[in-house]
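Trainee: Here's a structure for you.
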Amino acid sequence: MTSIVISGSGLYTPPFAVSNDELVKAFNSWVDLYNDENASAIDAGQLPARQYSSSEFIEKASGIRSRYLVSREGVLDPEIMQPLIPERADDKPSVMVEMAVAAAEQALQEAGREPGEIDLVIVAASNMPRPYPALSIELQHYLGARGAAFDMNVACSSATFAIKTAADMLSAATARLALVVNPEICSGHLNFRDRDSHFIFGDACTAVLLEREETCRNPQPWRLVDARLQTQYSNNIRNNFGFLNRCSPDTRYSPDKLFVQQGRKVFKEVLPLVSEQIAEQLIAAGWDTESLQRLWLHQANLTMNQFIARKVLGHEARSEEAPIILDRYANTSSAGSIIAFHLHNQDLPVGSRGVLCSFGAGYSIGSLLLERVEHLS
């Protein structure tokens, strides 16, 4: 059987860090404006008064302390409350492609590869800037890659689904060197006027290179031992934005055209699915939990990660066993688990084993078993 490895990874972090305190200050200022403007209706019982947020509430609910954004001024302006990202001319690289190029260049450097060697590009993210042309083909052009390119969207599981897809194509000899990139401008589809979710997301972009083990130039890559994908339909995490919105003028700007979720239902329904999938996967591979050195989990909520790690490992996970990056990156959708992998894998020696897992809207779950190997070229 052909062995497929992750030979390089990369991360683009936007330049603007925004703390909980900054976000809360802007949100609470907007609450004051809203309640003043709607005082009569609120007093008459026609509208509920908006409630303040707080940094303590955010950290307790999510574990998030900060996030990185591609644009911060509009987000922190109570009159705007959204990122301001100017539209670019069609003959200029898009913002998401610039992010993708930066992350891809890091992955190429780690893998010892050149852009022209890439013959498969998959851009996998929770939201694309347009229906067509595919963002992946734009990235292919500006990076100088060749072969074929296509986009994928499986929400927060886009990265793991794309890695499995790329691995299958490499095994079938459809490609030789595959690039999977996850540019996420989550701030663009976040409702910063919703107390329950205004703090959840941040922006980032990740990249991984995959290839056959025999062609790998990285002396210590990560072998993809197994990959499992699962989907189950649910409306509990949803975003109804799309090209058909313009055909329904009465609802085109409704709150459901941004991120909406039923958080408690998600917690109750998703976590057992994730825990069971990983447990079954480990058994099938003949791996016991004692052999696992690391869990790189989707970075959506601290409590969720702690629950899954405890179920998988059988004990409360130490920070080095299940590293958390959402405290400073927040939820970056499909990029989250890859950020955790990128920042927390270099310390592990040959023979180490880990699980990379994402889960989110759909529902969708993707879990990968990875083992660090020594490759002698």
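The values are calculated or read from the model by the stated rules, or taken from the named source; none is laboratory data. All values derive from a computational prediction rather than experimental measurement. Every residue, glycine among them, receives a Cβ derived from its backbone with ideal geometry; neighbour counts consider all protein chains shown. Keep in mind that these areas ignore ligands, DNA and RNA; they rest on the heavy atoms of the full protein, side chains included. Shrake-Rupley method; radii C 1.70, N 1.55, O 1.52, S 1.80 Å.
Trainee: Of everything in the stretch 294-316, what is surrounded by fewer than 20 Cβ atoms within 10 Å (Cβ to Cβ) and without any contact (Cβ under 8 Å) to a residue 60 or more places away in the chain? Give them in sequence order.
Mentor: Within the stretch 294-316, Gln306, Phe307, Arg310, Lys311, Leu313, Gly314, His315, Glu316 meet the criteria.
Trainee: Out of (1) open to solvent by less than 60 Å² (accessible area, probe 1.4 Å); (2) not in a loop (DSSP other than H, G, I, E, B), the odd one out for Arg328 is which?
Mentor: Condition (1) is where Arg328 drops out.
Trainee: Another question about this same structure. Return the residue satisfying two criteria in turn: it lies in the stretch 101-149 and is without any contact (Cβ under 8 Å) to a residue 40 or more places away in the chain and of a type in the set (Lys, Arg), and of such residues it is nearest to Ser364 (Cα to Cα).
Mentor: So, considering only residues that are without any contact (Cβ under 8 Å) to a residue 40 or more places away in the chain and of a type in the set (Lys, Arg), the one nearest to Ser364 (Cα to Cα) is Arg130.
Conditions (1) open to solvent by 40 Å² or more (accessible area, probe 1.4 Å); (2) more than 26 Å from Phe16 (Cα to Cα); (3) assigned to a helix (DSSP H, G or I), marked per residue:
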{"position": "Val274", "(1), (2), (3)": "no, yes, yes"}
{"position": "Glu290", "(1), (2), (3)": "yes, yes, yes"}
{"position": "Arg318", "(1), (2), (3)": "yes, yes, no"}
{"position": "Ala335", "(1), (2), (3)": "no, no, yes"}
{"position": "Val350", "(1), (2), (3)": "yes, yes, no"}
{"position": "Gly362", "(1), (2), (3)": "no, yes, no"}
{"position": "Glu374", "(1), (2), (3)": "yes, yes, no"}
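Trainee: How many residues are part of a helix (DSSP H, G or I), of a type in the set (S, T, N, Q) and over 15 Å from Arg72 (Cα atoms) if we restrict to the stretch 171-220?
Mentor: Final tally of qualifying residues: 2.
Trainee: Please work out which residue is nearest to the chain's Cα centre (by Cα), limiting yourself to the stretch 276-288 and to residues that are open to solvent by less than 50 Å² (accessible area, probe 1.4 Å) and among the aliphatic types (A, V, I, L, M).
Mentor: Ile278
Trainee: Scan the stretch 9-24 and report the pairs whose first residue is in contact (Cβ under 8 Å) with a residue 40 or more places away in the chain and whose second residue is open to solvent by 60 Å² or more (accessible area, probe 1.4 Å) and not in a helix (DSSP H, G or I), with Cβ atoms within less than 6 Å and a gap of 6+ or a chain change.
Mentor: Going by the 6 Å Cβ cut-off, the qualifying pairs are Asn20/Arg65.
Trainee: Quick check on Thr251: is it open to solvent by less than 80 Å² (accessible area, probe 1.4 Å) and either in a helix (DSSP H, G or I) or in contact (Cβ under 8 Å) with a residue 12 or more places away in the chain (or both)?
Mentor: So Thr251 fails the test.
Trainee: Show the residue pairs that are 6+ apart or on different chains and have beta-carbon atoms under 9 Å apart, the first residue being within the stretch 188-205 and over 18 Å from Arg238 (Cβ atoms) and at pLDDT below 95, the second being open to solvent by 20 Å² or more (accessible area, probe 1.4 Å) and of a type outside the set (D, E, K, R).
Mentor: none
Trainee: Out of the stretch 76-96, which residues are open to solvent by 30 Å² or more (accessible area, probe 1.4 Å) and not in a loop (DSSP other than H, G, I, E, B)?
Mentor: Correct list: Val95 only.
Trainee: Take the residues in the stretch 113-160 that are among the hydroxyl-bearing types (Ser, Thr, Tyr), in contact with a helix residue (DSSP H, G or I) (Cβ under 8 Å, 6 or more places away or on another chain) and not in a helix (DSSP H, G or I), then tell me which one is least open to solvent (accessible area, probe 1.4 Å).
Mentor: Residue satisfying both the conditions and the ranking: Ser157.
Trainee: Between a residue in the stretch 74-96 that is over 18 Å from Glu138 (Cα atoms) and any residue that is of a type in the set (Ser, Thr, Tyr), which pairs come within a Cβ distance under 6 Å, given they are 6 or more apart or on different chains?
Mentor: Partner pairs satisfying both residue conditions: Pro78/Ser29; Pro83/Ser71; Pro83/Ser187; Leu84/Ser71; Ile85/Ser71.
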